[in-house]
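Shown next, in structure tokens, is the structure this report addresses.
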Amino acid sequence: MKILITGGCGFVGSNIAIYLKKKLRNAQISSLDNLVRKGSRLNKYRLKNYKIKNYKFSIEKYDKFKKLPKFNLIIDCCAEPAIEASKKEPDRVFNTNLVGTFNILKKCLKDKTNIIFLSSSRVYAIDKLRNLTKSIKIIKPLKINKKIDEKFSIESASSLYGFTKLASEKLIKEIFFGTNLKYIINRFGVIAGPWQFGKQDQGFVSLWIAKHLLRKKLSYIGFGGYGNQVRDVLHIDDVCNIVHIQIQKLDKINNETFNIGGGPRNSISLKNLTKKCQILTKNKINIKKIAYTSIFDIPYYVTDNKKIFKYYKWSPSKNINDILSDIYFWLKNNKKIRNYFK
Ligand SMILES: NC(=O)c1ccc[n+]([C@@H]2O[C@H](COP(=O)([O-])OP(=O)(O)OC[C@H]3O[C@@H](n4cnc5c(N)ncnc54)[C@H](O)[C@@H]3O)[C@@H](O)[C@H]2O)c1
């Protein structure tokens, strides 16, 4: 089996590539990545150690892309994943995330290639997610029991990032319609783990630990600046595991969309994340309050894993403490990597 991972030098793509290389002994794994993300060069060297080739060009360039060999499966992990880029770099977000998917699908159609698409929880309507809390200022810890399933509203705005993900999902269904090609769409919540080069607007878990280790500053941004916003977090190993299972069962389970995340057990507020980072690193740092809330930000997201469990009998195996300690030791033992967060 020949597998191409687009965005293969990113956090998720590189981890999936190496995991599959170890698990699928007869598979040939390749990556396509233009290395635009900070840290992706380091991931490229990791891939090289496993003899995984990276094609270095932009997914926007179909003329180059169509000349690559045929693959049986493309795992699409290529995106600009930061929500705030929707405001700052709309063209890049649109071209990478949506035109990129279109190019991937044209190649799938030409070569008869199946696809596993990494979508996002951010396809869901911002206003409906905001309605889950009483006020935009969250002064006290949230007490919400709601889990978000695949039927949650997608009707109103979700940021340009969310739009490109939802439009990509639609495009997959459109282009594969009437063919025998198979797809899986995974709407992941927050993913975290080693080899994520987190930033304030994307990958906050690794950023939080790194800044504590380095004794640098952080900010609670939005919702009054109290740090009470909540997310569920999924370990990257659990992501690799479910994708591997999906590949093995693709003939039987396909053309479905799943919400996949850490779930209630792995949900945490920024404030509680700070407490855990203080215990892990034994450092206490200054955290500024920024009350202003970006129009794209949401106060709460916790995944309902009911459907993915029903289809695959799968649920996350690693808890929030496993996630934090794996990131901590990855950073603690590697000064060069730690310095990427300075
Ligand atoms: N990390 C998360 O918490 C999370 C959550 C839900 C969904 N996702 C989705 O998972 C996928 C992977 O996310 P990630 O966290 O690994 O992001 P990442 O930024 O670490 O990886 C994306 C990779 O794509 C590459 N890339 C960007 N633009 C490109 C282009 N035009 N041509 C070729 N390569 C390009 C980057 O260099 C990077 O290596 C994305 O589709 C993202 O939307 C991620």
Exercise for the section: Select from segment 269-284 the residues that are crowded, with 21+ Cβ neighbours inside 10 Å and not in a helix (DSSP H, G or I) and list them in ascending order. Expected result: none
Exercise for the section: For ILE5, state whether it is under 16 Å from the mean Cα position of the chain (by Cα) and either away from the ligand (no atom under 11 Å from the Cβ) or modelled with pLDDT of 95 or more (or both). Expected result: yes
Fill in the blank from the handout: When every residue in segment 41-66 that is in contact (Cβ under 8 Å) with a residue 12 or more places away in the chain and within 13 Å of ASN15 (Cα to Cα) is compared, the one farthest from the ligand (Cβ to nearest atom) is TYR50
Completion exercise
The one condition LYS110 fails out of (1) farther than 24 Å from GLY8 by Cβ; (2) without any contact (Cβ under 8 Å) to a residue 60 or more places away in the chain is (1)
Practice task
Kindly indicate whether any position in segment 33-40 is out of contact with any Cys (no Cβ under 7 Å at 6 or more places or on another chain), outside any loop (DSSP other than H, G, I, E, B) and either within 11 Å of the ligand (Cβ to nearest atom) or at pLDDT 95 or above (or both).
Solution key: no
Fill in the blank from the handout: Exception for SER135 within (1) over 20 Å from LEU234 (Cβ atoms); (2) within 16 Å of the ligand (Cβ to nearest atom) falls at (2)
Handout entry: So ILE29, is it surrounded by 18 or more Cβ atoms within 10 Å (Cβ to Cβ), more than 13 Å from the ligand (Cβ to nearest atom) and without any contact (Cβ under 8 Å) to a residue 40 or more places away in the chain
Key = yes
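Yes/no matrix, rows are residues, columns are (1) closer than 24 Å to LEU214 by Cα; (2) free of Cβ contacts under 8 Å to residues at least 60 places away in the same chain:
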| site | (1), (2) |
| --- | --- |
| CYS240 | no, no |
| ILE247 | no, no |
| GLY262 | no, no |
| ARG265 | no, yes |
| LYS282 | yes, yes |
| SER294 | no, no |
| PHE309 | no, yes |
| TYR328 | yes, no |
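The values are calculated or read from the model by the stated rules, or taken from the named source; none is laboratory data. Owing to the predicted nature of the structure, the values given are computational and were not obtained by experimental measurement. All Cβ positions, glycine included, derive from the backbone under ideal geometry; neighbour counts span all protein chains shown.
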